[in-house]
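As structure tokens, the structure follows; a few thoughts come after it.
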Amino acid sequence: MAHHGHEGGPRRPVTAPPPFPEPVEVRHEKGARRLVVTWDDGHESPFALDYLRSWCPCASCQGHAPVARYLDLTGQELMHLEGVGNYALAATWQDGHNTGIFSFRLLRQLCPCAACGGEKR
């Protein structure tokens, strides 16, 4: 019976994958009224602005419910978007609402593409 021991050569350090993908590009396509996030694993998430605003995670939109709810808002326009640390995006909407912080993890979970199962409602 062959003995399987440590094989020769230098040992490579094992690098853990990141806990979740991170965006490498975020595009606001004003004409299409959508935000397109390209992730470091090559995936692309096309968020319609109404869909994104309807999932705003802030307390004033979600209240204190244990489960997030879809607000089904329409006619939403994104005025400004900025990074928050290395983990989230903060959106300012046309109505002045700016307390929603969308973590990268949440954005990826909300991905509306067909491969991810379409829009979550």
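The values are calculated or read from the model by the stated rules, or taken from the named source; none is laboratory data. None of the values given here were measured: they were computed from a predicted structure. Virtual Cβ from ideal backbone geometry, glycine too; neighbours counted across all protein chains shown.
Observations on the structure shown:
Residue by residue, here is whether (1) at positive phi; (2) touching a residue at least 12 places away in the same chain (Cβ under 8 Å); (3) surrounded by 15 or more Cβ atoms within 10 Å (Cβ to Cβ) holds:
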| position | (1), (2), (3) |
| --- | --- |
| Asp41 | no, yes, no |
| Ser45 | no, yes, yes |
| Leu49 | no, yes, yes |
| Ala59 | no, yes, no |
| Pro66 | no, no, no |
| Leu78 | no, yes, yes |
| Gly83 | no, no, no |
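- Test: residue in the range 85-92 that is at negative phi, of a type in the set (S, T, N, Q) and exposed (fewer than 13 other Cβ atoms within 10 Å of the Cβ): yes
- For Arg33, the conditions (1) free of Cβ contacts under 8 Å to residues at least 40 places away in the same chain; (2) on the phi > 0 side of the Ramachandran plot are fulfilled apart from (1).
- Test: residue in the range 98-111 that is more than 15 Å from the chain's Cα centre (by Cα) and surrounded by 12 or more Cβ atoms within 10 Å (Cβ to Cβ): yes
- Considering only residues in the range 75-92 that are within 13 Å of Tyr51 (Cβ to Cβ) and either of a type in the set (Asp, Glu) or assigned to a loop (DSSP other than H, G, I, E, B) (or both), the one that is nearest to the chain's Cα centre (by Cα) turns out to be Gln76.
- Matching option when the condition is closer than 14 Å to Lys120 by Cα, outside any strand (DSSP E or B) and not hydrophobic (A, V, I, L, M, F, W, C), among Asp95, Asp72: Asp72
- Taken together, Cys56, Cys116 contain a single residue that is in contact with a Gly (Cβ under 6 Å, 6 or more places away or on another chain) and at pLDDT 95 or above, which is Cys56.
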